[in-house]
1. Could you pull out the residue among R132, R188, R194, R166 that is surrounded by fewer than 18 Cβ atoms within 10 Å (Cβ to Cβ) and over 26 Å from T5 (Cα atoms)?
2. Evaluate the following for V181: is it modelled with pLDDT of 95 or more and either more than 12 Å from the ligand (Cβ to nearest atom) or out of contact with any helix residue (DSSP H, G or I) (no Cβ under 6 Å at 6 or more places or on another chain) (or both)?
3. Considering only region 87-106, state which residues are at pLDDT 95 or above and more than 23 Å from A68 (Cβ to Cβ).
4. Taking the condition open to solvent by less than 60 Å² (accessible area, probe 1.4 Å) and in a loop (DSSP other than H, G, I, E, B), does A148 pass?
5. Please go through region 2-30 and pick out each residue that is free of Cβ contacts under 8 Å to residues at least 40 places away in the same chain and either not charged (D, E, K, R) or not in a helix (DSSP H, G or I) (or both).
6. Restricted to region 197-209, and to residues that are open to solvent by less than 60 Å² (accessible area, probe 1.4 Å) and touching a residue at least 24 places away in the same chain (Cβ under 8 Å), which residue is farthest from the chain's Cα centre (by Cα)?
7. Which of the residues belonging to region 119-144 are more than 15 Å from the ligand (Cβ to nearest atom) and either more than 20 Å from P174 (Cβ to Cβ) or part of a helix (DSSP H, G or I) (or both)?
8. Quick one: is A31 small (G, A, S), within 15 Å of the ligand (Cβ to nearest atom) and either surrounded by fewer than 24 Cβ atoms within 10 Å (Cβ to Cβ) or over 19 Å from L113 (Cβ atoms) (or both)?
Amino acid sequence: MTKPTALVTGGSRGIGAATSRELAARGYRVAVNYFSRRESADQVVKLIEADGGEAFAVQADVYDPTQAAELLERSAVDGRLDVLVCNAGARFIPTPVQALAWDDFRTKVTDELASVYTLTQQTLELMGAQGRGRIVYVSSAVADGPPAPGMAAHGTAKAALNTFARFVAHEAGPLGITVNVVAPGYVRTESSARIPQEFQQRLAANTPPGAGRGTGGRGPGDRDARR
Ligand SMILES: NC(=O)c1ccc[n+]([C@@H]2O[C@H](COP(=O)([O-])OP(=O)(O)OC[C@H]3O[C@@H](n4cnc5c(N)ncnc54)[C@H](OP(=O)(O)O)[C@@H]3O)[C@@H](O)[C@H]2O)c1
């Protein structure tokens, strides 16, 4: 039996890096996608290998349809892919709607969907031919949670992702493919560290166990994906 293969977009840092390591620990050969920081991807691959797992780094900009298609091709070892985790999301700076230019809003929503669209299309074809597979989208609790200040673009983009996932699930089910959405609350990563402290605290307060624990000590609600 060959090892099952998983592709994690943005698998080199934050939530994606933790996901890559978890999948490797569960016996998957992991394609660790990154965009610009090769050294982070190499570090994740090294950690996985040190734990006895198998992984390789793959550079691609998932917003670009051509690169996304190539990413899938390079990640599917022997033409096979068992798990796709669409984790790389579009960057944003929390901004109230009144101060947010249409172009910035549009870019955020478009990039979020672009980062999953081509990969999803091609993965459905590949996994459909296999008769099985799993697709997981990393959304955000912000999409369906209480509206957080400055998060309109991010929340709208992730809500669109959630809806997209529901439609994909309907097409994928008969092909033997499951589709799921994971919607984390606030998790400390390099991205979220760039969010102003006040927003971080409000986001942490919106996570069920996390009120008051946003950037402080350790606890079950105090998630930190940098480890
Ligand atoms: N952190 C939170 O509090 C939180 C909460 C809810 C949901 N989420 C969601 O979780 C996901 C991961 O967030 P994170 O905080 O873990 O992010 P992060 O630590 O900033 O990591 C971002 C990852 O995405 C990669 N990436 C960025 N642009 C890319 C592109 N165009 N193509 C391919 N890869 C790209 C980065 O690679 P390089 O380093 O090479 O650029 C890096 O591996 C996102 O979808 C985010 O919206 C995060």
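1. R194
2. no
3. Across region 87-106, the qualifying residues are V97, Q98, A99, L100, A101, W102.
4. When the stated conditions are applied, A148 passes them.
5. Those that are free of Cβ contacts under 8 Å to residues at least 40 places away in the same chain and either not charged (D, E, K, R) or not in a helix (DSSP H, G or I) (or both): S20, A24, A25, R26, G27, V30.
6. Checked region 197-209; the qualifying residue farthest from the chain's Cα centre (by Cα) is F199.
7. If the condition is that a residue be more than 15 Å from the ligand (Cβ to nearest atom) and either more than 20 Å from P174 (Cβ to Cβ) or part of a helix (DSSP H, G or I) (or both), then Q121, Q122, T123, L124, E125, L126, M127, G128, A129, Q130 are the ones that fit.
8. Here the answer is yes, as A31 does meet what is asked.
The values are calculated or read from the model by the stated rules, or taken from the named source; none is laboratory data. Not measured: the values here are computed from a predicted model. In this analysis, Cβ positions are derived from the backbone assuming ideal geometry, glycine residues included, and neighbour counts consider all displayed protein chains. Note: areas computed on protein heavy atoms with side chains; ligands, DNA, RNA excluded. Shrake-Rupley method; radii C 1.70, N 1.55, O 1.52, S 1.80 Å.
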